1. Do any residues in the stretch 70-87 that are surrounded by fewer than 20 Cβ atoms within 10 Å (Cβ to Cβ) have Cβ atoms under 6 Å from those of residues that are at pLDDT below 95, where the two are at least six apart or on different chains, and which pairs are they?
2. Please verify whether the stretch 90-98 includes one or more residues that are assigned to a helix (DSSP H, G or I), under 18 Å from G8 (Cα atoms) and touching a residue at least 60 places away in the same chain (Cβ under 8 Å).
3. Select from the stretch 99-111 the residues that are in contact with a Phe, Trp or Tyr (Cβ under 8 Å, 6 or more places away or on another chain) and outside any loop (DSSP other than H, G, I, E, B) and list them in ascending order.
4. Could you go through the stretch 40-58 and let me know if any residue there is more than 13 Å from the chain's Cα centre (by Cα), without any contact (Cβ under 8 Å) to a residue 12 or more places away in the chain and in a strand (DSSP E or B).
5. Could you grab me the full set of residues in the stretch 32-70 that are more than 21 Å from Q115 (Cβ to Cβ), of a type in the set (S, T, N, Q) and touching a Phe, Trp or Tyr at 6+ places or on another chain (Cβ under 9 Å)?
6. Is there a residue in the stretch 22-32 that is surrounded by 14 or more Cβ atoms within 10 Å (Cβ to Cβ) and touching a helix residue (DSSP H, G or I) at 6+ places or on another chain (Cβ under 9 Å)?
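The values are calculated or read from the model by the stated rules, or taken from the named source; none is laboratory data. Remember, it's a predicted structure, so these values are computed and weren't measured experimentally. Neighbour counts are summed over all protein chains in view; Cβ atoms, including those assigned to glycine, are modelled from backbone coordinates with ideal geometry.
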Amino acid sequence: QVQLVESGGGLVQAGGSLRLSCAASGRTFSSYAMGWFRQAPGKEREFVAGISWSGGGTNYADSVKGRFTISRDNAKTTVYLQMNSLKPEDTAVYYCAASIIGYSGDYATYNYWGQGTQVTVSS
């Protein structure tokens with residue numbers, strides 16, 4: 001089993017940056033692909049970015065391509081989401097998730113979820 005704890009959320013002005021972290025417990029972290037999702041009030045949870053178990057493969061939602069970067073450090077059992085050029089529409093609760101299958105945008109393929117961290121972007 002994998003336990004995930006997100007951190008790094010907060011309030012930032014439009015155009016600013018934040019880096020989210022997701023610390024994972026368990027010695028099998030490197031066996032899991034990881035993903036970031038987000039959910040804004042009144043909206044469905046949506047895929048943001050995914051990364052393969054090795055870090056060699058990544059996948060992004062069109063809405064964040066060129067602005068967000070996902071990375072991982074298997075030695076530290078942590079996955080990161082660097083968010084630049086933030087927009088008010090990026091405001092949401094951000095969740096990290098672990099998948100034994102892969103790093104697609106399908107939330108149903110993710111086995112474990114964190115509790116989420118709030119990101120608020122003011123205009």
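1. Note: pairs meeting the criteria are N74/S30; T77/F29.
2. Restricting attention to the stretch 90-98, the residues satisfying the condition of being assigned to a helix (DSSP H, G or I) are 90.
Restricting the remaining residues to those that are under 18 Å from G8 (Cα atoms) gives 90.
Still in the list and also touching a residue at least 60 places away in the same chain (Cβ under 8 Å): none.
For the stretch 90-98, residues assigned to a helix (DSSP H, G or I), under 18 Å from G8 (Cα atoms) and touching a residue at least 60 places away in the same chain (Cβ under 8 Å): absent.
3. Once the filter is applied, which keeps residues that are in contact with a Phe, Trp or Tyr (Cβ under 8 Å, 6 or more places away or on another chain) and outside any loop (DSSP other than H, G, I, E, B), the stretch 99-111 yields S99, Y107.
4. Within the stretch 40-58, not a single residue is more than 13 Å from the chain's Cα centre (by Cα), without any contact (Cβ under 8 Å) to a residue 12 or more places away in the chain and in a strand (DSSP E or B).
5. Passing the criteria: S52, T58, N59, T69.
6. The answer is no; no qualifying residue exists.
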